[in-house]
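Notes follow once the structure below has been shown.
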Amino acid sequence: MRKRALYLCLFLLMILLTGCTVSGEEEQTEGYQLYYVNAEKTKVISEPVQLDETKDLTEQMADRLLKQPLGEGQVMLLPEQVTFLDYEMADGVLKLNFSAAYQELKRMEEVLIRASIVKTFVQIPEVSSVEILVEGSPLLDSYGEAVAPMTGESFVENSGKEINAYQHVHLTLYFANESGNKLVREERSIYYSTSMPLERVIVEQLLKGPRDESHYPTIPAETKILGVTVADGVCYVNLDQTFSDMALNQQEEIPIYSITNSLVESGSVTQVQISINGETKKPYREHVSLDQLFHARMDLVEEGGADE
């Protein structure tokens, strides 16, 4: 009987210990997301992550996002040459410090990486915004100015995860005239899903071509949009090789400023950078350098474009 009583006590003790272990595991949560750049480096995607609420959340996120492979493709958010150095928190601003190589990243890739970092860390209750430092100094934007602390709303990219709703917008798009040497205005009113940023909507509308029979398309219909991202007042448009290889019979600058003028007309950006398969070093049709930020050129617009 004494042995049975002993066994029963041991059994109850094991149940108690097991219950304590389960209780500890319940302190972990999957309420957080890790945001990172897909393998093709065209957009920001996310996956759930389990964190221990009893430990430093910033440390855990930094270790998981900035030091380990992510997603099914096991990609690293930071390129090999970029190192995460340290961080500090001050008045709700999380300052993340990276090695000098961070400032040398291709602008479109850097914007996506920056968006991933900010969207991940602002989930921490104590973090109201995130500031990126390079060797202890603020990150510089496309204008050479220091990038201010950012929130999740600082970026516009097509994550496809926003609540699905529709809103109305009136667009001014720029297509080519018959001779292919001037741009013509075309007004268009559409409803679009708020799960897609307006800038991408504009590029897609250009890809669909004009509705006015006297206007001509500027982007080959077979072109694929690889990414449209906005940061620091600049819209980064990434198209596939078709944009260049199947270019239409127009002056070289017409397609470039068809995109640029249409996006700047929206009022949310002031400059545009266009890349082909993520590259800006190769010129467009041999003579137009893509390694620059384009401003709208209204001198290329022919007066008298039709309204829709």
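The values are calculated or read from the model by the stated rules, or taken from the named source; none is laboratory data. In this text the structure is predicted, and so the values were computed from the model without any measurement. No Cβ is skipped: glycine too gets one built from the backbone with ideal geometry, and neighbour counts run over all protein chains shown. Protein only, heavy atoms only, side chains kept; ligands, DNA and RNA dropped before computing areas. Shrake-Rupley method; radii C 1.70, N 1.55, O 1.52, S 1.80 Å.
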Whats the longest run of the chain with zero trypsin sites (Lys or Arg not before Pro) that are DSSP loop and have at most 15 other Cβ atoms within 10 Å? 56-160
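Per residue, how many Å² of accessible area does the chain show with a 1.4 Å probe? Don't skip to the end; give the middle numbers.
Details: 15900 Å² over 308 residues.
Each residue of the chain exposes 52 Å² on average to a 1.4 Å probe.
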Please report, largest first and rounded to whole Å, the three semi-axes of the ellipsoid equivalent to the range 57-100, where each semi-axis is the square root of five times an eigenvalue of the C-alpha gyration tensor. 21, 14, 7
Could you work out the helix-only [θ] at 222 nm for the chain, with each DSSP H run of four or more residues adding -39,500 (n - 2.57) and the total divided by the number of residues, to the nearest 500 deg cm²/dmol? -8000 deg cm²/dmol
Of all C-alpha pairs within the chain, those more than 37 angstrom apart amount in percent to 30 percent
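Under the definition of Cα pairs under 8 Å and six or more residues apart, what whole-number percent is the relative contact order of the range 144-249?
Values: 167 pairs, mean separation 25.9, N = 106.
The value is 24 percent.
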Given the options E186, E47, E131, state which has the largest fluctuation in a GNM of the chain using a 10 Å cut-off (strictly under) for Cα springs. E47
I'd like the orientation of helix 57-67 relative to the chain: the angle between its Cα long axis and the longest Cα principal axis, in ° from 0 to 90, rounded to 10. 60 degrees
Sequence order, the range 197-206: Karplus ³J(HN,Hα) from phi using 6.51 cos²θ - 1.76 cosθ + 1.60, θ = phi - 60°, Hz rounded, Gly and Pro as x, gives x, 4, 4, 5, 4, 4, 5, 5, 5, 5
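Pop out the carbon and sulfur fraction of the accessible area of the range 204-308 as a percent, whole number, probe 1.4 Å. Could you put the intermediate results ahead of the total?
Numbers: 2140 of 4800 Å².
Within the range 204-308, the accessible surface is 45 percent carbon and sulfur.
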Roughly how many whole Å is it from the C-alpha centroid of the range 267-284 to that of the range 95-149? 20 Å
Under 5 Å between amide hydrogens, which residues at least 5 positions from R297 or on another chain qualify, with H placed 1.01 Å from N in the peptide plane? N261
Under-5 Å amide H pairs with R285, H placed in peptide plane, nonlocal only: none
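Going through the cross-link list K224/K281; K67/K281; K41/K182; K106/K208; K41/K208, which pairs have a Cα-Cα distance over 27 Å in this structure? Could the numbers behind the result be given before it?
Details: K224/K281 19 Å; K67/K281 29 Å; K41/K182 34 Å; K106/K208 29 Å; K41/K208 25 Å.
Over 27 Å Cα-Cα: K67/K281; K41/K182; K106/K208.
Which peptide among 143-151, 225-233 comes first, and what is the full order, when sorted by highest mean count of other Cβ atoms within 10 Å? Don't skip to the end; give the middle numbers.
On the way: 143-151: 14.3, 225-233: 21.3.
The most tightly packed comes first, giving 225-233, 143-151.
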Those GluC sites (Glu not before Pro) from the range 199-235 that are DSSP loop and have at most 13 other Cβ neighbours within 10 Å turn out to be E213, E222
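Computed over the Cα atoms of the range 93-141, what is the ratio Rg over Rh, Rh following Kirkwood? Write out the running numbers ahead of the final one.
Working: Rg = 10.8 Å, Rh = 11.2 Å.
Ratio value, two decimals: 0.97.
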